[in-house]
Every structure is written in C-alpha cells, then in structure tokens.
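The values are calculated or read from the model by the stated rules, or taken from the named source; none is laboratory data. Treat the numbers as computed from the prediction; the structure is a model and nothing was measured. Glycine also receives a Cβ, built like all others from the backbone with ideal geometry; neighbour counts cover every protein chain displayed.
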Amino acid sequence: MVLADLGRRINDAVNENIIKSGGSNVDSDSINLMLKEISNALLESDVNIKLVMKLRERIKKSIDVECEKNKSINKKKLIQKIVFDELCNLVDFETYEENNDNNNNNNDKKKITVFKPKKKQSNVIMFVGLQGSGKTTSCTKLAVYYQRRGFKVGLVCADTFRAGAFDQLKQNATKAKIPYYGSYTETDPVKVSFDGVEKFKKEKFEIIIVDTSGRHRQEEQLFEEMIQISNAVNPQQTIMVLDAAIGQAAESQAKAFKESANFGAIILTKMDGHAKGGGAISAVAATKTPIIFIGTGEHIQDLETFQPRNFISKLLGIGDIQGLMEHVKSLNLDQKDTMKNLSEGKFTLLDFQTQLNNMLKMGPLSKIASMLPGGLGQMLNQAGEEDTTLMIKRMIYIMDSMTKKELASDGRIFIQEPSRIVRVARGSGTSVGEVESVLMQQRAMEGMASNMAGMSRAGGTPPPGI
Ligand code: GDP
C-alpha cells in the first residue's frame, strides 16, 4: 500500500468507526475496530509488526488514561488527537523513545543534538547507504541546500568502487555549481576522501560532503571501508540514505549500517514515488535515529526538511498549512492581508483565491498541493502537473465570478443564498459541485487558521485537524 493510501485508510478507520458513530459516546467495540483497521493498514504498508502492536497498545492506553482523567471531554476529538499524536511518535524518534520507556517525564526525554554546521569552520558530512538508494543525488541536494543558506560547500566523491560514480557526482555538482573533488586514477577510497577533505579544508570550505561507495548488498568489505573513511575524515555528521521503497528490509539494513557507521541522521529518498514507506518508518524506530530530510524527486531542489507533525498531517490529508505559508513567505509574494487574517483566525474566499494565484507562481504545483488540507490536497496530489494547474485555474475562475462581498466573506453567505452557487458555476463555466468544493476547502482552511490562531494565543503547537 502506498503512503497516500495508508493515510486514507487511517483517516477512514477513525472517521467511520469514531467520528461518524452515533451519540457523543464511543464504545470499546468501535475503538477496537478502529485500532484493527489502523493496524492492518500499517502492516500492509510494511511497518514492522512489533511496532504496530506497540502503537496499538499505546493508542488504547492513552484513550483509557485520558478519558478517565477527563470524563466530560469530547471523546471523538480526543481519540482523533491521540491517533494523530501516536502516529507522529512513530516517525519522531525523540518522543518514540520516551514513550517506549513508558516515561512521561519530559525532563527524562533523550535529547538529540541536531547538527548545526558552524560558519567559518569546516564541517564534514559523510554519506552512507546502499547503491541505488539515492546517495549521490542526495549529496548534491544537501550541498545545494547549504549553499543557498550562504555556506561555502564542496563535494568529495569517495566512491571508487562503482565505475562512473565520479562522473555522476561531477555532472550533478557542475549543474548545481558546487566545487567537487574526485579521482579517476586513485583506487583507494580512504585516500581520495582524505585528500578531498584536506583540500577543501585548506581552501576554507565550510561544508564538505563526502559521498562514499555503496554495494548492492551489505558486505563486510563495505562496512570496513566506511569505518576507515570515517576515521580518515572525522565527520561531524554521518547521514544514512534510505530508499523509502525498500520495504521490510529497511530495518535490518539500517541496523547493520548503524553498527559500523553509527550514523546520526537519515535522509529518506524517493518519497515522491509509490513507496510504501512503512519499512523506512520501522528503520527509524529500530535505530532510534531521526529523519532529517526527505527526497521528493530526482531534481536538486527536491529535498524537504522533515517535520514529524507536518509529515503525518500531509499523510492524513490534513495539509501542512504552516509549511505552505512559510514557503509562500520565502517567495515574497503579496501576503499582507492573508497574514493579518490568519493571525486573527480568519481565512476568507479572497485569501483562498490569493493563495491559489500565488501557487501558480510557485510551482511545482503537485508538491504544493500536498500541503493543502482535506480532499483538495489529495485530489490535486493524485493529478499530474498539467491537471493540477488546470484545477487551480478553474478554482480561481470560480472566485472571479463571485462578488466582492462574497469574496470578503467566510463563505457562509452562500448557505443563505444557494442560488448564487448556481450563478457562480454558470458564470465561471464550471459546475455546482466544483463551486461547493471550493467553499468546502475554504472552510477547511479557515478551520485550520482558527486552530492556529487559537493555539498561538494559548502559546502551544497547533492541534491536529483530522
Ligand atoms: P546512489 O547509488 O545511492 O548514489 O544513488 P543515486 O543518487 O545514483 O540514485 C539512484 C537513482 O535514484 C537515480 O536515478 C536518482 O535520480 C534516483 N533518485 C534519488 N533520489 C530520488 C528521489 O528522492 N526521488 C526519485 N524519484 N528518485 C530519486
């Protein structure tokens, strides 16, 4: 089961068994059914069975504890929140370990020191992973990521095993305008990596990324080589590159690499494809190592920082409105009014239209679409780039056909005057269903905006919107 289907199945399990169940109370049969369906979906996505069983127990226990603590609480909302939080814990090593120990004291939480390269000194980052996992591609992506943040970055190709590895890195680096080092004649990867790192250190490079060789399988020789390279270049951070499509084998692979390379972070690649992803999630838990980035395509800009809550939000089709706003902000688009409205927990139809217009300027659209909540995100995500653009344009036409008063409203104005929906559909050359879908999406965004504003007033993180 691919990740998008997994999200849909989990959502359905919660919605069908809990949210849509009659009355305000939820009986234990419904909870058990929901848990069974969530577990099956995770297992079909290759998440390790032990991990699934633990998750199931933790959700059940949390529901019991929380409901006991607060008898008047809205049980449906609470269950939604618990499922969301526990799914986050699955991919958030820090919290995972805390829960694993059944220890709820935040002070005892094992802290992970996130690697932050320092300016004006040489930071060495070593990449490890099997051949084909996306190591060389990810090295270049990370180099570009740091270069854009003002670091002086160099790439070293220590893969003397695979013919053509140096050429590949050279090609990627040239395209990205990143200085590189490698050798066609030297066969000792330890020497090449040492020489490359020394050269870049002398030239005051701030980030030196070393791409090591992979093999088709985990082999003694490969691990021995990794240890020697690591000793020679003394990296501040070692990153393991893991192919999200690898399935159940991910766990043993990651464990084997952890034993010899002791990597401190994971980059999960090919998250754009038809990856099940569950194997990779199990690998994260087994090695207790955080994912720091995900690869979402073959191009050098297809690298996203990994945030557990945002990832689960996207997985469940809730959207990542914060990520979207940050992205828009970084593009310096016209945002003032929307930002003001958002800070007040509002999101009008005009805000929605402005955002869609901005999206057309941002591209690639299918990626942006995944940040949108609800059905729209999923719908756009499934469509190709061209179809996505067309869909967004139709939504903009719909709002073009609305009056100023309607645009400035929260959309509820149409409930009082449903005939306007028909008029807008006719005026924009679209269907009534499409207009209704725009109104639904705007309402979902407004709900999130109101949640975000509420939480920031209360000083906490936004609650999940499932
Ligand atoms: P290496 O052998 O580990 O260095 O792997 P490469 O960097 O050569 O990547 C193997 C293949 O995977 C290449 O065709 C890459 O373009 C592709 N690839 C790497 N990362 C991603 C990703 O995030 N998404 C997709 N779709 N392809 C990727």
What number goes with the only condition from (1) under 21 Å from the mean Cα position of the chain (by Cα); (2) at pLDDT 85 or above that S62 does not pass? (1)
Would you point out which residue out of F161, F115, F93 is among the aromatic types (F, W, Y), within 16 Å of the ligand (Cβ to nearest atom) and at pLDDT below 95? F161
Determine whether the stretch 363-370 contains at least one residue that is modelled with pLDDT under 65 and in contact with a Lys or Arg (Cβ under 7 Å, 6 or more places away or on another chain). yes
On the given criteria, is K270 among the basic types (K, R), on the phi > 0 side of the Ramachandran plot and away from the ligand (no atom under 13 Å from the Cβ)? no
Can you tell me which residue among K109, K120 is more than 16 Å from the ligand (Cβ to nearest atom), modelled with pLDDT of 50 or more and basic (K, R)? K120
Scanning for something hydrophobic (A, V, I, L, M, F, W, C), part of a helix (DSSP H, G or I) and touching a residue at least 60 places away in the same chain (Cβ under 8 Å), does the stretch 217-231 turn up at least one residue? yes
State whether one or more residues within the stretch 444-455 are at pLDDT 90 or above, under 30 Å from H274 (Cα atoms) and buried (at least 17 other Cβ atoms within 10 Å of the Cβ). no
Give me a count of the residues in the stretch 398-422 that are crowded, with 16+ Cβ neighbours inside 10 Å and part of a helix (DSSP H, G or I). 8
Any residue at all in the stretch 199-214 that's assigned to a helix (DSSP H, G or I) and either outside the structural domain of I266 (by TED's automatic domain parsing) or surrounded by 24 or more Cβ atoms within 10 Å (Cβ to Cβ) (or both)? yes
Does any residue of the stretch 2-9 turn out to be over 20 Å from the mean Cα position of the chain (by Cα) and not aliphatic (A, V, I, L, M)? no
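Residues are listed down the side, and each one gets a yes or a no for (1) outside the structural domain of N48 (by TED's automatic domain parsing); (2) within 12 Å of the ligand (Cβ to nearest atom); (3) crowded, with 24+ Cβ neighbours inside 10 Å:
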residue	(1), (2), (3)
F223	yes, no, no
Q228	yes, no, no
A232	yes, no, no
M240	yes, yes, yes
G247	yes, no, no
A250	yes, no, yes
A265	yes, no, no
E298	yes, yes, no
Q301	yes, yes, no
